[in-house]
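The values are calculated or read from the model by the stated rules, or taken from the named source; none is laboratory data. What you are looking at is a predicted structure, and each value in this text was computed from that prediction instead of being measured. With ideal geometry, Cβ positions are generated from the backbone for all residues, glycine too; neighbour counts draw on all protein chains shown.
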């Protein structure tokens, strides 16, 4: 339930980190009429609601450009309402839903449906990408223009890569007409085949079919050649290999409009996690090697990674209890993503809070072309208040998400979301 507060909220004594505006200082912030009204020391006002943020971080609300809320179709796994509640619990004030639902979001009414359900949930802002092809079948372009008019922020056939190069070339040309991004799940099916984990020695030992890193890298390389021709804005989803990092780094050095994202699991976990056949670690693209993890972290450090995205993917327990070959790919984690990123990046010295928050706020906002991710005076008051030192145990049974397929169950986390404000209203407040 949304906690209704006064029109004004005064957040006192917090460490305001606004990477877009290069602010990192202890100060006060006044919210009035759903916007940032004032920033400064020793602010006083008649605000009825005061948040004491001493020793805490105050930052723009987090933005996740890759979530699966399963609606329409698989409401038993997640709904837009339950996913939105999970999002604000994780500090996210804006999310972008993927279109691989049942039926898929491949026409304007489906885009409008997702937006309507997001407004009804009244937690986080809910955006959506439309499918590139009808039914995500890779055979015929979807109604991209009508979906753009309905408010889609980009296009993807996420869940599978678009195999046909000519179709992708055409999609890029159309997307460019609307200045919308093409997001790609890079996976060449002819190389991936029926693989369920990273190809290599570990897969051989476990007797599981592997997915060669080339399956990701070949499609990524192909698409970048198409970007070179079309100059379309292109975003590589959940990259997982050292080879992909190299390809994207070179594309950026050449000035191509290419961006990419990394997930908590690809920054933290390796193929070793699959050793016990725990299907909570089955994900696509699969967990890779320590060398790949280190390459991704290095890409964060030097700015190659643009966005940190959860790829929050709920599944029923009954599905995840199937044998490894048959269980679906994906894991939930939007409610614990922030401390996971901290563990992977800050605690290892890869980057500081400001750099990490940049990849969680204004940089993903620029990819989907929304005016969010900063806290300048006059900006919409999408705000997260974080206790950077709070320690807690991840317990999936307490998640707001409907699903429990979380590989981090029982992990000790450091860093906790205390408040999430969306348009100035407290949409989440931590218990206790």
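Taking the stretch 42-54 only, how many residues are assigned to a loop (DSSP other than H, G, I, E, B) and at pLDDT 95 or above?
Of the stretch 42-54, the ones assigned to a loop (DSSP other than H, G, I, E, B) are 42-48, 53-54.
Of the ones still in play, those that are also at pLDDT 95 or above are 53-54.
Counting residues in the stretch 42-54 that are assigned to a loop (DSSP other than H, G, I, E, B) and at pLDDT 95 or above gives 2.
Considering only the stretch 263-353, give the helices (runs of 4 or more DSSP H) lying wholly within it that have at least 3 residues that are under 30 Å from residue 60 (Cα atoms). Even if it seems obvious, please write down each step before you answer.
Values: elements: 264-268, 290-301, 317-320, 337-341.
Once the helices (runs of 4 or more DSSP H) in the stretch 263-353 are filtered for at least 3 residues that are under 30 Å from residue 60 (Cα atoms), what remains is 264-268, 290-301, 337-341.
The residues listed here are 290, 253; of these, the one that is surrounded by fewer than 23 Cβ atoms within 10 Å (Cβ to Cβ), at negative phi and touching a residue at least 12 places away in the same chain (Cβ under 8 Å) is 290.
Annotation note: of 86, 142, 131, 165, the sole residue that is within 23 Å of residue 236 (Cα to Cα), outside the structural domain of residue 418 (by TED's automatic domain parsing) and out of contact with any helix residue (DSSP H, G or I) (no Cβ under 7 Å at 6 or more places or on another chain) is 131. Annotation: of all residues in the stretch 47-70 being touching a strand residue (DSSP E or B) at 6+ places or on another chain (Cβ under 8 Å) and more than 30 Å from residue 377 (Cα to Cα), the one that is surrounded by the fewest Cβ atoms within 10 Å (Cβ to Cβ) is 68.
Among the residues of the stretch 195-204, is there at least one that is assigned to a helix (DSSP H, G or I), in contact with a helix residue (DSSP H, G or I) (Cβ under 7 Å, 6 or more places away or on another chain) and closer than 30 Å to residue 90 by Cα?
no
Selection of first residues in the stretch 354-376 that are assigned by TED's automatic domain parsing to the domain that holds residue 263 and of second residues that are part of a helix (DSSP H, G or I) and crowded, with 22+ Cβ neighbours inside 10 Å, restricted to Cβ pairs under 7 Å at least 6 apart or on distinct chains, gives the following pairs, ordered by first then second residue: 354/19; 356/341; 356/345; 357/19; 358/19; 361/19; 362/19. Is it the case, given these coordinates, that residue 260 is assigned by TED's automatic domain parsing to the domain that holds residue 323, buried (at least 22 other Cβ atoms within 10 Å of the Cβ), in contact (Cβ under 8 Å) with a residue 24 or more places away in the chain and part of a strand (DSSP E or B)? When the stated conditions are applied, residue 260 passes them.
Being farther than 14 Å from residue 420 by Cα and part of a strand (DSSP E or B): is that true of residue 20 here? Don't jump to the end; show me each part of the working.
Working: farther than 14 Å from residue 420 by Cα: yes; part of a strand (DSSP E or B): no.
Criteria not met by residue 20.
Pull up the stretch 23-41, narrow it to residues that are part of a loop (DSSP other than H, G, I, E, B) and at pLDDT 90 or above, then point me to the one that is farthest from residue 307 (Cα to Cα).
In the first step, residues of the stretch 23-41 are kept if they are part of a loop (DSSP other than H, G, I, E, B); the result is 33-34, 41.
From the residues that got through so far, the ones that are at pLDDT 90 or above too are 34, 41.
On the way: 34: 26, 41: 31 Å.
Once the filter is applied, the top-ranked residue is 41.
Hey, can you tell me all the residues within the stretch 412-429 that are on the phi < 0 side of the Ramachandran plot and touching a helix residue (DSSP H, G or I) at 6+ places or on another chain (Cβ under 8 Å)? Scanning the stretch 412-429 gives 413, 414, 416, 417, 420, 422, 427, 428. Taking the stretch 205-234 as the range and being surrounded by fewer than 20 Cβ atoms within 10 Å (Cβ to Cβ), in contact with a helix residue (DSSP H, G or I) (Cβ under 6 Å, 6 or more places away or on another chain) and assigned to a loop (DSSP other than H, G, I, E, B) as the test, only 212 passes. Contact annotation: residue pairs with Cβ atoms under 6 Å, 6 or more positions apart or on different chains, pairing a residue in the stretch 409-432 that is closer than 19 Å to residue 374 by Cβ with a partner that is at pLDDT below 95 and surrounded by 15 or more Cβ atoms within 10 Å (Cβ to Cβ), are 423/34; 424/34.
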